[in-house]
Amino acid sequence: MTRSSVRGVFVTGTGTEVGKTVVAAVLARTLAAAGRTVAVFKPAVSGLDDLGEGVEPDHALLRRAAGSTQSDPEIAPYRYGPPVSPHLGAELAGERIDPERILGAAREASERGDFLVCEGVGGLMVPLTLGYLVRDFARELGLPTVIASAPGLGTINHTLLTVEAARAVGLDARMVVLTPWPDDPSAVERSNREAIERLGAIRTATVPRLDLSAIESWPPLGLDA
Ligand SMILES: Nc1ncnc2c1ncn2[C@@H]1O[C@H](COP(=O)(O)OP(=O)(O)O)[C@@H](O)[C@H]1O
Ligand SMILES: [Mg+2]
């Protein structure tokens, strides 16, 4: 297992738009509500040009959930407009993502709190550069990993692939969080959860559909059972 001097959690997911930011925000909020000073981080954000009306960028939702006063660049050192993989976002902006800069920024962010909640970008195999994947960054950070995934059809395969990709490089795949988990889950959704637990040998938790504007209404989500 990788080990880290940083205390925190790394939130990845089975892909993009699967609930990573929501899960990271709920973890951050839970800790902040318990009196912890929480710092947040995300190595790169893209798609800032494409946000719908009233939709917050990831770094803003994470900051609000954590009650943090970090600036945008302190939370997310690389921020791009086009909705593309970060390695391409950087290329379109005429730059390259520097792995050392990201790691340094993550460590600095972690000093702003006693717990760091770090959200990945897309899934584990997303390139930050063509020689450095999100998974490489997660490994260097060495935090326990939480996997956000959808409850419905297709999730068993995507989730187990992600668990395997994490464990293949020694990441501590700690928990899968199914989101948004329906109030009245179907037989398929319940079966998916059970299959992921059994086949992935991993704990699962759920997050119901939340009102993202009302953080005080969110139910707590802890890292431990
Ligand atoms: N539990 C939830 N409650 C409300 N909305 C959710 C929930 N889970 C996911 N979503 C919605 O699904 C979409 C994708 O979630 P997000 O956390 O932004 O995904 P990712 O960070 O993986 O791209 C967003 O519109 C988000 O608001
Ligand atoms: Mg996100």
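The values are calculated or read from the model by the stated rules, or taken from the named source; none is laboratory data. None of the values given here were measured: they were computed from a predicted structure. With ideal geometry, Cβ positions are generated from the backbone for all residues, glycine too; neighbour counts draw on all protein chains shown. Surface accessibility is based on the protein's heavy atoms, side chains included, excluding ligands, DNA and RNA. Shrake-Rupley method; radii C 1.70, N 1.55, O 1.52, S 1.80 Å.
Points to keep in mind about this one:
- Take the conditions (1) within 17 Å of Leu210 (Cα to Cα); (2) within 15 Å of ligand 2 (Cβ to nearest atom); (3) touching a residue at least 24 places away in the same chain (Cβ under 8 Å); Glu17 misses just one of them, which is (3).
- Conditions (1) within 12 Å of ligand 1 (Cβ to nearest atom); (2) within 26 Å of Ser217 (Cβ to Cβ); number of the one not met by Val40: (1)
- Tallying residues that are in contact with a strand residue (DSSP E or B) (Cβ under 8 Å, 6 or more places away or on another chain) and either on the phi > 0 side of the Ramachandran plot or surrounded by fewer than 24 Cβ atoms within 10 Å (Cβ to Cβ) (or both) within segment 30-43 yields 3.
Yes/no matrix, rows are residues, columns are (1) of a type in the set (Val, Ile, Thr); (2) open to solvent by less than 40 Å² (accessible area, probe 1.4 Å); (3) within 14 Å of ligand 1 (Cβ to nearest atom):
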residue: Thr179; (1), (2), (3): yes, yes, yes
residue: Ser186; (1), (2), (3): no, no, no
residue: Ala195; (1), (2), (3): no, yes, no
residue: Thr206; (1), (2), (3): yes, no, yes
residue: Glu216; (1), (2), (3): no, no, no
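- Taking helices (runs of 4 or more DSSP H) as the structural unit, those lying wholly within segment 128-225 and holding at least 1 residues that are more than 18 Å from the chain's Cα centre (by Cα) correspond to 155-168, 187-200.
- Residues in segment 26-47 that are among the basic types (Lys, Arg) and part of a helix (DSSP H, G or I): 1 in all.
- Of all residues in segment 106-123, at least one satisfies being outside any helix (DSSP H, G or I), of a type in the set (Asp, Glu) and touching a Pro at 6+ places or on another chain (Cβ under 9 Å).
- Residue in segment 48-59 that is part of a loop (DSSP other than H, G, I, E, B) and buried (at least 17 other Cβ atoms within 10 Å of the Cβ) present: yes
One line per residue, one yes/no per condition, for (1) open to solvent by 10 Å² or more (accessible area, probe 1.4 Å); (2) within 13 Å of ligand 1 (Cβ to nearest atom):
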site	(1), (2)
Glu95	yes, no
Glu108	yes, no
Glu111	yes, no
Cys118	no, yes
Arg135	yes, no
Ala138	no, no
Leu160	yes, no
Gly170	yes, no
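- Check on Gly122, surrounded by 14 or more Cβ atoms within 10 Å (Cβ to Cβ) and within 15 Å of ligand 1 (Cβ to nearest atom): yes
- Contacts under 7 angstrom Cβ, first residue in segment 167-184 being without any contact (Cβ under 8 Å) to a residue 24 or more places away in the chain, partner of a type in the set (Gly, Ala, Ser), 6 or more apart: Arg167/Ala173
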